[in-house]
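*Asks:* First the structure, then my questions, so here it is.
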Amino acid sequence: MAGTAVPPIQFTQQGFVSPPGPAVLAGVQQDINTAFGGNLNYALTTPQGQLASSEAAVISNAYAIFVYYAQQVDPAYASGRFQDAIGRFYFLERDPAEPTVLQVNCNGLPGVVIPAGTPTQNAATISDSAGNLYQCTGQVTIAANGTVVTSFACTQPGPVAVPGAEDISIYQAIPGWDSVTVASGVVGSNVESRAAFETRRQDSVAGNSFGAVGSIIGAVAQVPGVLDYYGYNNNTSGTVVVGGVSIAPYSIYVAVAGGASATIAAAILSKKGAGAPMVGNTTVTAYDNNPLYASPIPYQITYEIPTPLQILFSVTIVNGPLVPSNAATLVQNALLAAFQGTALAAAFTGSIAGTTLTVTNITAGTITIGQTLADTTGALLAGTTVTGYGTGVGGVGTYSVSASQTVASESMTSTSPPSNIVIPKARIGSTLYAIQYVPAVAALGPWAQVASLLIGSSNTASASVVGNISGNTLSVRSVTSGVLAIGQTLSDPLGLIATGTTVVGFGSGSGGTGTYQVNNPQTVAGATFTSNGTGTVITASNVTGIIGIGDVLSGSGVLAGTTIVSQLSGMAGGSGVYQTSSNISAISTTITANSVIYGSTANQSNVVVQINQIPQLSAVNISVNTT
């Protein structure tokens, strides 16, 4: 800057770098000294001190704005509209909030159609006990065994907790459709974060190629409703184990959470090379609609729908007079946001008088120091940030803001700056380190001093048992490993156990076989069925309940410890052909399948998510304590 002692912005190998604030202030003071003959007193109580400080702040702010906008041309730093613009070069749009998707067992009269579409098109609709509605996304017909599995998506986008197996009901009756239960579910997501959008943009570049696994997942990433994805190509002559999954020789493995199966299969077919086999738990028919063919050519596309992996957190913060009464809720909200790869944000009703923000109602999220306020009326001064807590700590109450102004009560939002988003989204096949989540809690304020933060899941379960749940009673038939204890969180491979279910008391059991009390009443009873055939391939009929992969079998002609290895044909979990781990000698016998149940605790420094699992987090699985 000619004729001034204020240092200019420098262009370095790291891009534009603005001078530090003290250097700018020293330059302004020198300019004022030159103009007025020197020897001025720059104490903040003097006019010249106030003038110098104000001018230095204006210059530093202008420098910061220039550097910020200069950085927005780099995809690694771009955010907001700038990142959207870069995405459009690749024909990408930021993903909107996606709904929670349930896999639902629909029971009733064989031949009854469960329609898909929108409510105005008479789509099948169900509800949960919290009042959330879900509509069918894949039309199906109830099979001869009286059941069929299809997907339902919540009508409210964004994260909604997956309800328990029996925590749903039919909302609009369809003749012959009798009942529904949840087989599994994947929690929805908020609007795509800056980091997630950049990751998807990078994946989309590979999607321009053909045949490579990167091109396949690049195409899958653009399917509407897809929440996460993972791909691996085994180009060796032997079976390899990757992320806990065995992948056959020369096979392609693709895991996809969310999205419509037909659209996902079409995306895979559009990029998959001819002849390469695929492995996974889901097979869908996709069609090559090349007009050169007399009729579309069908292909069987196999991919993996990952099972939800419930993540547990145990957080201990240092007790003190500043710890608010709603500390547990604030910590839970911070971890939920960080888990999605986003920073805390809030929507609320508030007004400002001077530098005091008064919040009278909060509709979503958490308000915290450092967030920038926004409204739709333009009444707020641009760049107003939350600088301190008053009577409010995250919710209703008062807060200090950076700029003095008068704003009448209106709807506002608060968001954390992109630079605060330093925690990667929890994804399929990732490793989640407990320590990486500490900054998300500490950012809540000086009261949030983290004494310890541990993580856990059923991948490192404290106990593995075989049994069932009826009402509030868990009955353990056998123990595979570990010791069941009060306080452990229960889960199962099929996701039938309600999220947040814990052991709260001993019955006849005290760590091993016997009964235990659980906090959530429910029914998780495995299944009973008639087995026909001998050997390790059996045909199940007259199925009551759901047969799950990994279920432990018992009955005449069944060796102890025999499990269901895979389902070879038939409706998922219902009548069909199954592979078992040991020979079954009885030709026709009644078999009981009990669920494998894990008792887990957040007592680890990290969790390794397998490539056939999608990590999930609910507030009920976050324990917050003080010390």
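The values are calculated or read from the model by the stated rules, or taken from the named source; none is laboratory data. What you are looking at is a predicted structure, and each value in this text was computed from that prediction instead of being measured. Cβ coordinates were reconstructed from backbone atoms using ideal geometry, including for glycine residues, and neighbour counts include every protein chain displayed.
*Asks:* Identify, please: which residue in the range 174-202 is assigned to a strand (DSSP E or B) and of a type in the set (Val, Ile, Thr) and is, among those, farthest from the chain's Cα centre (by Cα)? First the steps, then the outcome.
*Replies:* So in the range 174-202, the residues assigned to a strand (DSSP E or B) come out as 177-186, 189.
Filter again for of a type in the set (Val, Ile, Thr), leaving 180-182, 186.
Values: Val180: 25, Thr181: 22, Val182: 18, Val186: 8 Å.
Within the range 174-202, the match that is farthest from the chain's Cα centre (by Cα) is Val180.
*Asks:* Can you go through Ser475, Ser491 and tell me which one is touching a helix residue (DSSP H, G or I) at 6+ places or on another chain (Cβ under 6 Å) and assigned by TED's automatic domain parsing to the domain that holds Gly550?
*Replies:* None of the other options fit; the residue is Ser491.
*Asks:* In the range 423-464, how many residues are touching a helix residue (DSSP H, G or I) at 6+ places or on another chain (Cβ under 7 Å) and either in a strand (DSSP E or B) or closer than 30 Å to Thr199 by Cα (or both)?
*Replies:* Looking only at that region, the number is 13.
*Asks:* Still on this structure, I have one more. Restricting attention to the range 262-273, report how many residues are part of a helix (DSSP H, G or I) and under 19 Å from Val245 (Cβ atoms).
*Replies:* Residues meeting the conditions: 2.
*Asks:* Does any residue of the range 33-41 turn out to be assigned to a helix (DSSP H, G or I), over 30 Å from Ala343 (Cβ atoms) and among the small types (Gly, Ala, Ser)?
*Replies:* So far as the range 33-41 goes, yes, one or more of its residues are assigned to a helix (DSSP H, G or I), over 30 Å from Ala343 (Cβ atoms) and among the small types (Gly, Ala, Ser).
*Asks:* Could you list, ordered by first residue, the pairs with Cβ atoms under 9 Å in which the first is in the range 429-447 and at positive phi and the second is part of a strand (DSSP E or B), at least 6 apart or interchain?
*Replies:* Sorted first by the residue in the range 429-447, then by its partner, the pairs are Gly429/Tyr230; Gly429/Tyr232; Gly429/Val242; Gly429/Ala255; Gly429/Val608; Gly429/Gln613; Gly445/Gly388; Gly445/Tyr389.
*Asks:* Output the number of residues of the range 571-605 satisfying the condition of being among the hydroxyl-bearing types (Ser, Thr, Tyr) and under 29 Å from the mean Cα position of the chain (by Cα).
*Replies:* Count: 5.
*Asks:* Further question on the same structure: Just to be sure I understand, how many residues within the range 383-401 are within 15 Å of Trp447 (Cβ to Cβ) and more than 28 Å from the chain's Cα centre (by Cα)?
*Replies:* Residues flagged as within 15 Å of Trp447 (Cβ to Cβ) and more than 28 Å from the chain's Cα centre (by Cα) within the range 383-401 amount to 7.
*Asks:* A further question on this structure: Which one of these is within 30 Å of Thr489 (Cα to Cα) and among the β-branched types (Val, Ile, Thr): Val577, Val537, Val524, Val558?
*Replies:* Being within 30 Å of Thr489 (Cα to Cα) and among the β-branched types (Val, Ile, Thr) holds for just one of Val577, Val537, Val524, Val558, which is Val524.
*Asks:* Residues Ser151, Ser79: which one is modelled with pLDDT of 85 or more, of a type outside the set (Val, Ile, Thr) and surrounded by 13 or more Cβ atoms within 10 Å (Cβ to Cβ)?
*Replies:* On inspection, the qualifying residue turns out to be Ser151.
*Asks:* Counting only residues that are touching an Asp or Glu at 6+ places or on another chain (Cβ under 8 Å) and assigned to a strand (DSSP E or B), which one in the range 99-140 is surrounded by the fewest Cβ atoms within 10 Å (Cβ to Cβ)?
*Replies:* Asn107
*Asks:* Kindly indicate the residue of the range 158-177 that is among the aliphatic types (A, V, I, L, M) and under 25 Å from Thr502 (Cβ atoms) and also surrounded by the fewest Cβ atoms within 10 Å (Cβ to Cβ) among those meeting that condition.
*Replies:* Val160
*Asks:* Quick check, is Ser510 in contact with a Ser or Thr (Cβ under 8 Å, 6 or more places away or on another chain), more than 29 Å from Thr302 (Cα to Cα) and either surrounded by fewer than 19 Cβ atoms within 10 Å (Cβ to Cβ) or of a type in the set (Ser, Thr, Tyr) (or both)?
*Replies:* The answer is no for Ser510.
*Asks:* Give the residues of the range 178-193 that are buried (at least 19 other Cβ atoms within 10 Å of the Cβ) and within 20 Å of Asn122 (Cα to Cα), sorted by residue number.
*Replies:* Val180 - this is the single residue of the range 178-193 that is buried (at least 19 other Cβ atoms within 10 Å of the Cβ) and within 20 Å of Asn122 (Cα to Cα).
*Asks:* Can you give me the ranges of the strands (runs of 3 or more DSSP E) entirely in the range 300-372 with at least 3 residues that are at pLDDT 90 or above, in contact with a Gly (Cβ under 9 Å, 6 or more places away or on another chain) and not hydrophobic (A, V, I, L, M, F, W, C)?
*Replies:* Here the list reads 345-365.
*Asks:* A follow-up question, please. For the range 196-217: of the residues being at pLDDT 75 or above, buried (at least 18 other Cβ atoms within 10 Å of the Cβ) and out of contact with any strand residue (DSSP E or B) (no Cβ under 9 Å at 6 or more places or on another chain), which is nearest to Tyr77 (Cα to Cα)?
*Replies:* That would be Glu198.
*Asks:* Scan the range 584-602 and give yes if some residue there is outside any strand (DSSP E or B), touching a Ser or Thr at 6+ places or on another chain (Cβ under 8 Å) and under 21 Å from Pro493 (Cβ atoms), otherwise no. Give the steps one after another, and end with the answer.
*Replies:* The initial filter retains those residues of the range 584-602 that are outside any strand (DSSP E or B), namely 585-587, 601-602.
In the following step, the residues that additionally are touching a Ser or Thr at 6+ places or on another chain (Cβ under 8 Å) were identified as 585-587, 601-602.
Add one more test, that the residue is under 21 Å from Pro493 (Cβ atoms), and what stays is 601-602.
The answer is yes; a qualifying residue exists.
*Asks:* Checking Asn612 against (1) within 30 Å of Tyr232 (Cα to Cα); (2) in contact with a Ser or Thr (Cβ under 9 Å, 6 or more places away or on another chain); (3) surrounded by fewer than 20 Cβ atoms within 10 Å (Cβ to Cβ), only one condition comes out false. Which one?
*Replies:* (3)
*Asks:* Run Phe529 past the list (1) more than 30 Å from Asn107 (Cα to Cα); (2) modelled with pLDDT of 90 or more and report the number of the one that doesn't hold.
*Replies:* (1)
*Asks:* Failed condition for Ile486, given (1) closer than 25 Å to Leu617 by Cβ; (2) surrounded by 15 or more Cβ atoms within 10 Å (Cβ to Cβ); (3) not polar (S, T, N, Q), with all others met?
*Replies:* Condition (2) is where Ile486 drops out.
*Asks:* Can you name every residue in the range 274-299 that is part of a strand (DSSP E or B) and either without any contact (Cβ under 8 Å) to a residue 12 or more places away in the chain or in the same structural domain as Thr391 (by TED's automatic domain parsing) (or both)?
*Replies:* Matches in the range 274-299: Ile297 only.
A quick yes/no check of all residues on (1) over 22 Å from Leu496 (Cα atoms); (2) among the acidic types (Asp, Glu); (3) touching a residue at least 60 places away in the same chain (Cβ under 8 Å); (4) in contact with a Pro (Cβ under 9 Å, 6 or more places away or on another chain):
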| site | (1), (2), (3), (4) |
| --- | --- |
| Gly514 | no, no, no, no |
| Thr523 | no, no, yes, no |
| Ala527 | no, no, yes, no |
| Val537 | yes, no, no, no |
| Gly548 | no, no, no, yes |
| Val552 | no, no, yes, no |
| Ser566 | no, no, no, no |
| Gly573 | no, no, yes, no |
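*Asks:* Considering each of Thr473, Thr515, Thr460 in turn, give the residue that is under 30 Å from Asn105 (Cα atoms), surrounded by fewer than 20 Cβ atoms within 10 Å (Cβ to Cβ) and under 27 Å from the mean Cα position of the chain (by Cα).
*Replies:* When all the criteria are applied, what remains is Thr460.
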